[in-house]
Structure formats: structure tokens, C-alpha cells
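First comes the structure, then the notes that go with it.
The values are calculated or read from the model by the stated rules, or taken from the named source; none is laboratory data. Note that this is a predicted model, so its numbers are computed, not measured. Heads up, the Cβs are rebuilt from the backbone with ideal geometry, glycines too, and the neighbour counts pull from every protein chain shown. Just so you know, the surface numbers come from the protein's heavy atoms only, side chains and all, with ligands and any DNA or RNA stripped out. Shrake-Rupley method; radii C 1.70, N 1.55, O 1.52, S 1.80 Å.
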Amino acid sequence: MAPNKSTCVVLLSICICMVLGAPIAQAAITCGQVTSTLAPCIPYLRSGGGAVPAPCCSGIKSLNAAATTTPDRQAVCNCVKSAASSINGINYSLASGLPGKCGVSIPYQISPTTDCSKVK
């Protein structure tokens, strides 16, 4: 038995409400995601330079692409600051230039003094 016209209208209305009522923003990026994505960069940042490892640049690019909202960018900034401060031997001069070496532009400088609440 085929559904009648009023049943189809009700089902269509429910589907439209579900789509329009769905949250637009995705879940925030976690510090775990940030640290695991950027882990390949640590040897470069401790070694004093040289060639940037390809997995490091891949991680920076994917993280930058994932951080599309201000809250996500602020979360990434805070996670990077926190992670970097807990790792001995990080060269912050290399860290601040790393996004550019990977062809990525970020809206803040990687530094222990960056105020992540001002990142847009």
C-alpha cells in the first residue's frame, strides 16, 4: 500500500526540520588531535633546523584546514602553546617559521607569549 499525500508531506516536513535544526558547527578540535597531528614536527624543532619533515607539513596543513572557526583556531593555539611548553628543547624561532615553510598562513605567531583569546 502506497503512502498517501498527507503522510508524505508530514515525513518531508520532519526531514526538513531535522536538517534545519541540525547543529551547524562541528565538534571542537581536541588537544589530542593537535598533539598527534604535530608530533612529526618535534624532531625538527629540537634539532635546530634542516629540512622540514613531510609528515610535519602534512599535519600542519590538515590542522589548518580543520580549524575553520574562531573557537577551533583558539583551541589549536592553546593546545600548541601548552604542548610546546611541556617539551624541552623547542626552538621557538623555528616553531614560528614552521607554518610558512609548509606553505600555510596562520592568524597568530607560535610563541609562549601568544594570547590565544585574541586569535580570530
Starting from residues that are open to solvent by less than 30 Å² (accessible area, probe 1.4 Å) and in a loop (DSSP other than H, G, I, E, B), keep the ones in segment 91-120 and report whichever is nearest to Gly50 (Cα to Cα). Cys102
Please go through segment 51-83 and pick out each residue that is outside any helix (DSSP H, G or I) and either touching a helix residue (DSSP H, G or I) at 6+ places or on another chain (Cβ under 7 Å) or open to solvent by 60 Å² or more (accessible area, probe 1.4 Å) (or both). Ala51, Val52, Pro53, Ala67, Thr68
Using the structure shown, decide if Val119 is over 17 Å from Ala39 (Cβ atoms), touching a Lys or Arg at 6+ places or on another chain (Cβ under 7 Å) and not small (Gly, Ala, Ser). yes
Restricting attention to segment 25-50, which residues are under 12 Å from the mean Cα position of the chain (by Cα) and surrounded by 13 or more Cβ atoms within 10 Å (Cβ to Cβ)? Ala28, Ile29, Cys31, Gln33, Val34, Thr35, Thr37, Leu38
Residues to consider are Ser58, Ser62; find the one that is farther than 19 Å from Thr114 by Cα, modelled with pLDDT of 90 or more and more than 12 Å from the chain's Cα centre (by Cα). Ser58
